[in-house]
Amino acid sequence: MTETNSIIDIGDVVIAASGGINAAGRSSGHQAFRRVVYDALSPVQQAELESELATLTGCPSSEAMNNSLVRAWDSDCSELRGWNPNAMIYHERIQESAVSNLESTNKDNGITYKQVHKTCDVQSAGQIPKGFNVASLYPSRHHPRGLQLALYAAADALGNLGMSAEGIKQHIKPDELAVYMGSTAGQLDMEGFGGMLCAPLLGQRNTSRQLPMGISTMPADFINAYLLGNTGSTGSNNGACASFLYNLRMALDDIRSGRRKMVLTGNSEAPLLAGIVEGFNAMGALATKERLQKLQNTGAEQLPDYRTASRPFAQNVGFTLAESAQCFVLTSRETALTLGLNILGSVGDVFIHADGHKRSISAPGIGNYVTMGKAMASAKRALDKLEVSEGDTNSNILNKSFVQAHGSSTPQNRTTESDMFNRLAKEFGISEWPVCAVKAHLGHSISAASADQLLMTLGSWNYGILPGITTASEIAPDVQQSHLTIPLNHTKVSAEDIPVCFINSKGFGGNNASAWVLSGQATREQMKKEMTDAEWHGYLERNEKIRQSQQKYLSAVAKENLPLPYRDKEDQPEPDDIELTAEGMTLPGWAERIRF
């Protein structure tokens, strides 16, 4: 359905809810967004956020604020992730003359080593707010952290949707629902692939859970089995750091084609593990303590400011690894209007392209010029004829758009991505294109990174604030910005002035993806024009009930961390439970019948 020059039917794929958790906090109620733009909030809004973060973490509000966003490693890393960044096991090479004086040594190919402990070179990360432990909200039974976070994201999205899994089953057919959610690396902690690979080498026994729980599509599988009871389509499309947009395109195509009426899509990544951190560091990709000290001109004995470790489009030394799980509920326009669901925005299109020949598999390439160019052209064709810019003498709708950049905080990214944005802005007649880069606050959550970007976009439309790169004092001189505006401070804007957002993502291997989305306000206005007054008021009446249910959830979760609606004791449907004919079948718990 994508990759064509046809005009998009505006609002046919609706964003009805979001849910999840990242370094800034919970996704529902825009809590994470409010934490990012805290300095631009009113005193009342700041107090509300502080109270909510205190509830989320179980810490005093001042501690909760300090223990969120990008920061130095938390003291509970060993408990949550099974390793200590300040005491990593390391085999140090030693001189043969010293061997006789050591009690414990190892020989490998004639080289002698001793086991010591070292401090990890990387001393900062985008960690889930300290004190929040999703494993305590359901019987986690040694589940990998990424699966724990995935279940939380989906449960938060359902609460924010204002409709339970049981409610969904009363309105759509079993094969009209899908879940597309996964991870890039799979679950590599000891409860997943990490334990499976290490156990034989350590003389330990493998468990029966490690292999299945490590599979990269398992976030979707857990949501299907333990939250939704979903028998519809499932899976995940892996595109490295662009994976969420790959999943978003699957959801978009499914709904636009009519195959599905509702899709839960997102990603869950928990990469703050010793092996992954050391792997990225070996590539020279991460901001280490030593590099940050040089960047910030601190002495070797003085700690750098880890809060400002991630500095997209500024002088920077590498990205900051992060954990995040995000889930979005997408529906068809008909489903959203019939059920009265919230309309937070709509998805226009998603484009994916490779880089072609590459000198280095991890380096950026030309594919991103293709994806962004196609996304901009698609949005312009679709929106130019609409009254999104009614009353504005500027006929170029793209001048009312902004960008959520990949903005990874590496020297290569700042030059290549800014060049692409700047050149395309010039060609499309954009003079001052706002470019946001939220990894400055959240870090880089790999597969979930562009999901974080979409989440922040919904927040910008709701609060009228564009997040700035507050971790830097100036843009780097090698960044091309003659047609760009890259704010260093949070900027207040009217949501009406930024109805279009382009979300850009770049992944190792040449995985480039760009999407455009339309604001909820612009989407609703367009829908209203296509309906009678009676039809629109009918939707508003149904929406009021959904809003009441949503607000009940948001009020409750602001006061306590709610148990997840986890169901591992449900009776599995058996063949005798289904009513089967040549025309279709009926499944227990679903009101409507599958048609073959």
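Observations on the structure shown:
- Residue match in segment 142-160 (condition: modelled with pLDDT under 95 and either closer than 30 Å to V317 by Cβ or not basic (K, R) (or both)): yes
- Among residues of segment 335-347, those that are under 11 Å from I15 (Cβ atoms) and either at pLDDT below 95 or open to solvent by less than 10 Å² (accessible area, probe 1.4 Å) (or both), counted: 7
- Residue within segment 167-178 that is modelled with pLDDT under 95, part of a loop (DSSP other than H, G, I, E, B) and not β-branched (V, I, T) present: no
Conditions tested, residue by residue: (1) without any contact (Cβ under 8 Å) to a residue 24 or more places away in the chain; (2) over 30 Å from the mean Cα position of the chain (by Cα).
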{"residue": "G510", "(1), (2)": "no, no"}
{"residue": "A513", "(1), (2)": "no, no"}
{"residue": "A556", "(1), (2)": "yes, no"}
{"residue": "P565", "(1), (2)": "no, no"}
{"residue": "I578", "(1), (2)": "yes, yes"}
{"residue": "A582", "(1), (2)": "yes, yes"}
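- Qualifying positions in segment 446-461 - more than 12 Å from the chain's Cα centre (by Cα) and not small (G, A, S): L458, W461
- Count - residues of segment 271-298 that are part of a loop (DSSP other than H, G, I, E, B) and either over 22 Å from the mean Cα position of the chain (by Cα) or over 24 Å from I361 (Cβ atoms) (or both): 6
- Selection within segment 77-99 - outside any helix (DSSP H, G or I) and either open to solvent by less than 30 Å² (accessible area, probe 1.4 Å) or polar (S, T, N, Q) (or both): W83, N84, P85, N86, M88, I94, Q95
- Of the strands (runs of 3 or more DSSP E) lying entirely inside segment 487-596, those containing at least 3 residues that are closer than 30 Å to R311 by Cα are 500-507, 511-519.
- Residue identified as under 22 Å from A40 (Cα atoms) and buried (at least 17 other Cβ atoms within 10 Å of the Cβ) among S514, S519: S519
- Restricting attention to segment 532-541 and to residues that are under 18 Å from G162 (Cα atoms) and surrounded by fewer than 16 Cβ atoms within 10 Å (Cβ to Cβ), the residue that is farthest from the chain's Cα centre (by Cα) turns out to be G538.
- Residue tally, condition part of a helix (DSSP H, G or I), more than 19 Å from D452 (Cβ to Cβ) and open to solvent by 20 Å² or more (accessible area, probe 1.4 Å), over segment 225-249: 2
- Failed condition for T491, given (1) buried (at least 18 other Cβ atoms within 10 Å of the Cβ); (2) over 24 Å from the mean Cα position of the chain (by Cα); (3) within 29 Å of T57 (Cβ to Cβ): (2)
- Sole exception among (1) in contact with a Gly (Cβ under 9 Å, 6 or more places away or on another chain); (2) assigned to a helix (DSSP H, G or I); (3) open to solvent by less than 10 Å² (accessible area, probe 1.4 Å); (4) closer than 26 Å to T288 by Cβ for L455, by number: (4)
- Within segment 26-69, the set of residues being out of contact with any Cys (no Cβ under 9 Å at 6 or more places or on another chain), open to solvent by less than 10 Å² (accessible area, probe 1.4 Å) and under 30 Å from L337 (Cα atoms) comprises R26, S28, Q31, A32, F33.
- Scanning segment 186-214 for residues that are out of contact with any helix residue (DSSP H, G or I) (no Cβ under 8 Å at 6 or more places or on another chain) and not in a helix (DSSP H, G or I), we see that the one that is nearest to Y152 (Cα to Cα) is R209.
The values are calculated or read from the model by the stated rules, or taken from the named source; none is laboratory data. Because the structure is predicted, anything quoted here is derived from the model rather than measured. In this analysis, Cβ positions are derived from the backbone assuming ideal geometry, glycine residues included, and neighbour counts consider all displayed protein chains. For accessibility, only protein heavy atoms count, side chains too; no ligands or nucleic acids. Shrake-Rupley method; radii C 1.70, N 1.55, O 1.52, S 1.80 Å.
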